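**Q** Questions regarding the structure given below will be posed in turn.
Values quoted throughout were computed directly from the atomic coordinates according to the rules given, and no laboratory measurement underlies them. Worth saying up front: this structure is predicted, and the values here are computed from it rather than measured. Positions of Cβ are backbone-derived with ideal geometry, glycine not excepted, and every protein chain shown enters the neighbour counts.
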Amino acid sequence: MKSMETKSPGLFSSIREFFFAEQAPYGIALVRMFLPAVALVPMIRRFGRVRELFSTDGASVQIFELFGQGTPLPVLPPSFAVALYGIMIFALICGVLGFRTRLAFLIGAPLYTYFNLLDAVSTMTKYSVIAAHILLILAVSECHLVWSIDAVLKRWKDGREASAIPPLVPVWPARLIQILFCFIYFGAAITKIQSHAFFSGEQLRYWMLSNWNYANPVGEIMATSTPLLLISGYITVVWEISFPFLAWRPTGRYFTLGIGVLFHFMTWISLGLWIFPLICISCYLAFLMERDIVAIRRFMHRMRLPSSLLGFPRFAIARAIEMRPAAVSVSMVWLALATLVAVGSAEADYRFDLYGIRANDGMMPLKKLDREVALAMINNSRPLREKDKFFSFDIGSMLVGGQLANRKAEYGYEETIIAQCNINPPHEDLWVECAIEDSDARILDSWGQFVTRDSLWANFTYQTGSKMAPGDYWMILKSSGKEISRRPFRLTGDLGSLPPVAPLLTN
């Protein structure tokens, strides 16, 4: 009797199975519906500013100019720029609905990338770079085979109205999106590891207290807790490093994606980011597998949710398309609509006349700037105030990761007082002093240290002892001999309860 020999799959067969295993394209179809819709939000808001940002009438700044490579991209006249911008919006909307999906993304993705490259100052951001890559992947994928107008039209054409068997296609487009995010997170972690200010919580604090993006009142509250900032920084780096190793594991996938959703939600409420979290979360849908969709459908059926209403728009649009004459192909309908959108966009820009060109019989003349104002803008010699170099000054008794972890205003004898000043970057080398003043404005003690230009904070430590009697005091911060800030504190306790000082030995 011959024994049965089993061979383990080789490396190449495992890679082939990883990229070319056939599954129903549910995950990539969800990315198709959500990511372009999110990417369109800022682009639609910029529609009225196309003349200013992307045309010869405006002041476009190409990404290549920032690197000294000139302006290789053509800048079009306003009417043509607005027409192309309208086609881009129309194409991405068609991609969301799945109407001639591949044609839509093959037109919309290059136009989206072109307009982002044309305005590197405001339009091109991290999320637009990610979205441009995903749109290119969607253009060469089979994301239109399910949950799309194309799928409905094909089903009616083939006479398979009652068919519930989804088509199976190679999974490599979803894998490319997954690998892209693994590299994004891993690269972000490597960048953070090299930044000491991130692990000290300084960067997070400045981000949370700023309104560079949008208002973030929750972040302003979180910025006051140094332990929370430190914990958040370490958790972020550990999650970003572990993401590529756990994202494809059966159990680790739910953990890493769940933490990712929570992480991006926190960036929304603490940093004021809106579009970036939605772009990333919409790409997480590429990690969903067929069994996940089955589980979601069972849950919706169990909860008696009207899931059939979600397909109403695509079925309604498909029926309208089916009413076309038989001699007119679906692609011709798409091209006709795109042409109509282009003409309508150019006409809308002409009618709205946001810059008053028609009302003023031509381009409005630039107003001459006052000479004194211009000179102040070009050469502002006003020196920076010494106190503006400092961000905060607090006192406490405990450090975590070099940062003040608590704030106190009452101390006992033989207790350590820690004073910490945070300094705004950039700054020069500073000589910073800290002094203790009693209620009668007498300086009891003073000490100082150099704070080099690469430091963002400085700590001063003082041990209370027999020099000070119970009462009220001030901790004063000085720089270049000038008082910057002061914090009150109170010393409590009984001086007589201190242990006697050991006598000095002499010969």
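**Q** Tally Lys/Arg at +1 and Asp/Glu at -1 over every other residue whose Cβ is under 14 Å from the Cβ of T452; what's the total?
**A** With Lys, Arg at +1 and Asp, Glu at -1, the net is -1.
**Q** If I take every Cα pair under 8 Å that is 6 or more residues apart in the chain, average their sequence separation and divide by the length, what percent do I get for the relative contact order?
**A** Relative CO of the chain lands at 14 percent.
**Q** Please report the spacing between the Cα centers of segment 164-227 and segment 53-122 in Å, no decimals.
**A** Centre-to-centre (Cα) distance: 26 Å.
**Q** Want the number for T492 to L366: 0.36 nm per residue separation, take away the alpha-carbon distance, what's left?
**A** Extending this stretch completely gives an extra 38.6 nm.
**Q** Another question, then. For each pair in K387/K408; K408/K478; K408/K467; K126/K367, compute the distance between the two Cα atoms and list the pairs where it is over 26 Å.
**A** Exceeds cut-off: K126/K367.
**Q** Rounded to the nearest 0.05, what FRET efficiency do A405 and S122 give with R0 = 35 Å and r taken as the Cβ-Cβ distance? Could you check?
**A** 0.35
**Q** Where nothing but the Cβ of Lys and Arg (+1) and of Asp and Glu (-1) is charged, how large is the charge dipole of the chain around its Cα centre, in debye to the nearest 20?
**A** Magnitude of the dipole: close to 2100 debye.
**Q** Compute the distance in nm between two label points, each set 7 Å from the Cα along the Cα-to-Cβ direction, one at H301 and one at S195.
**A** Inter-label distance under the simple model: 4.8 nm.
**Q** Pick out, in residue order, every one of the trypsin sites (Lys or Arg not before Pro) in segment 1-110 that is DSSP loop and has at most 15 other C-beta atoms within 10 Å; say none if there are none.
**A** Of the trypsin sites (Lys or Arg not before Pro), the ones in loops of segment 1-110 whose Cβ has at most 15 other Cβ atoms within 10 Å are K2, K7.
**Q** Can you compute the modelled spin-label distance between F47 and F12, with each label point 7 Å from Cα toward Cβ, in nm?
**A** With each label placed 7 Å out from Cα toward Cβ, I get 5.2 nm.
**Q** Once you wrap a convex hull around the alpha carbon atoms of the chain, what is its projected area averaged over all directions, in nm²?
**A** Here the figure is 46.1 nm², rounded to one decimal.
**Q** Using 7 Å Cα-to-Cβ label points, what is the S446/E483 separation (nm, one decimal)?
**A** 1.2 nm
**Q** Of L375, F393, A24, which is farthest towards the positive pole of the chain's charge dipole, taken about the Cα centre with +1 and -1 on the beta-carbons of Lys, Arg and Asp, Glu respectively?
**A** Of L375, F393, A24, it is A24.
**Q** Between I378 and F67, what length comes free when the chain is fully extended (0.36 nm per residue of separation minus the Cα-Cα distance, one decimal in nm)?
**A** 109.6 nm
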